[in-house]
Amino acid sequence: MMRRLPVTFALLALSGATALPAQRPQTLSQGPQMRRVFEPVVATARRSVVEVAVGDEVRCLGTAVAPELVLTKYSELHGAAADTSGETPASRPVWTCRRGKQQWICELVDFDQPSDLALLRAVGADLAPITWATDAPTPGAFLATPGPAETPLGIGILSTAPYVHTRPRAFLGVRFANPNGGPAELEEAVPHGAARAAGLLAKDVVIGVDDAEVGSAQDLREQLQRRKPGDKVKVKVRRDDADLLFEVTLGSDTTPPRSNQEGIWGPLSDVRSGFAEVLQHDTVLRPADCGGPVVDLSGKAVGLNIARAGRVETLALPAAAVQATLARLRAGTRESEPRK
């Protein structure tokens, strides 16, 4: 109970403000005075937080789940749109986990693209594993995001019960040379997309899907709207003077809607949608602050921050979902296919 009293007084002081400034990490509930109130709440959990660097650049945070194992945000290790199909450990920059003056070389144990989680082994580390909460928080609960320092990175309130953030749509993974009319000629089959995996190439012209004829990019879009991720379709293309038939397993399109939020409120995470289940809270974090835990007033982790998705919209994977994914990654299995 004693921990809750300073929080209450801080909120009463804030409620007297007549104007609310723009929600950035150093304003309103994210100010240093408010964050210092929560230092005792994050005192234990922050020992499990590390910075994850690619080369000399710190990309995100990580959460220790065993003395040598760290969970972090997978897309930040490469960049969300990077084609890593030809990448080898020898060709990529060195990954490191850092805590204070200590630093450890990291190896990739496994990853799960649907949840955007990667499991790293920090070789030779002796980290303090995070303690997970056993009960899910209720909407309206106060949450804190620990960082490497004593003062938390941000404070927020849980907005909703766990929910599916973005429902995936069937995705072929192509860009059209003439999207607004004319034949459905491909300008590109995007890296990691279903079309590229099946063998379609730039300059192919799609002329059919299953038994339906395709005369334009819009015809192809309409055919895809009738399908769902995982469906197998036969795509007929004209390449040079030959007609070819490909069997394509459609992937998932979880691209977030475009907006001008980043120009107004600061950068959002590149990968910020498509998660099976999320907790949403209003803590204002930077994309580089994701990958670490978010804790309740008991100091136990209720989830792992996975994306800044809006002005006051930070998404966290619930603790139970994170632990289930972690068990699969440690066992070397994945529940579902990567996004395509």
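The values are calculated or read from the model by the stated rules, or taken from the named source; none is laboratory data. Values in this document were obtained by computation on a predicted structure and should not be read as measured data. Neighbour counts are summed over all protein chains in view; Cβ atoms, including those assigned to glycine, are modelled from backbone coordinates with ideal geometry.
Within the range 265-276, residues that are surrounded by 19 or more Cβ atoms within 10 Å (Cβ to Cβ) sit with their Cβ atoms under 6 Å from residues that are among the small types (Gly, Ala, Ser) and not in a loop (DSSP other than H, G, I, E, B), at 6+ positions apart or across chains, in these pairs: 269/307; 271/75; 272/307; 272/309.
Quick one: in the range 149-178, of everything that is among the small types (Gly, Ala, Ser) and part of a strand (DSSP E or B), which residue is surrounded by the fewest Cβ atoms within 10 Å (Cβ to Cβ)? Top of the filtered list is 170.
One line per residue, one yes/no per condition, for (1) within 18 Å of the chain's Cα centre (by Cα); (2) at pLDDT below 95; (3) in the same structural domain as residue 275 (by TED's automatic domain parsing):
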position	(1), (2), (3)
25	no, yes, no
36	no, yes, no
63	yes, no, yes
113	yes, yes, yes
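Quick check: is even one residue across the range 186-194 in contact with a Gly (Cβ under 8 Å, 6 or more places away or on another chain) and in the same structural domain as residue 320 (by TED's automatic domain parsing)? No. Of the residues making up the range 301-320, at least one is outside any helix (DSSP H, G or I), at pLDDT 95 or above and over 16 Å from the mean Cα position of the chain (by Cα). Of all the listed residues (268, 245, 279), the sole one being at pLDDT 90 or above and not assigned by TED's automatic domain parsing to the domain that holds residue 225 is 279. Look at the range 105-133: where a residue is of a type in the set (Lys, Arg) and a partner is surrounded by 18 or more Cβ atoms within 10 Å (Cβ to Cβ), sitting 6+ places away or on another chain with Cβ atoms under 7 Å, you get 121/68; 121/69; 121/106.
Figure legend. Inter-residue proximity from the range 180-196: first residues touching a residue at least 60 places away in the same chain (Cβ under 8 Å) and closer than 16 Å to residue 235 by Cα, second residues surrounded by 17 or more Cβ atoms within 10 Å (Cβ to Cβ) and among the aliphatic types (A, V, I, L, M), beta-carbon distance below 8 Å, spacing 6+ or different chains. Indicated pairs: 193/172; 193/174; 194/172; 194/248; 194/250.
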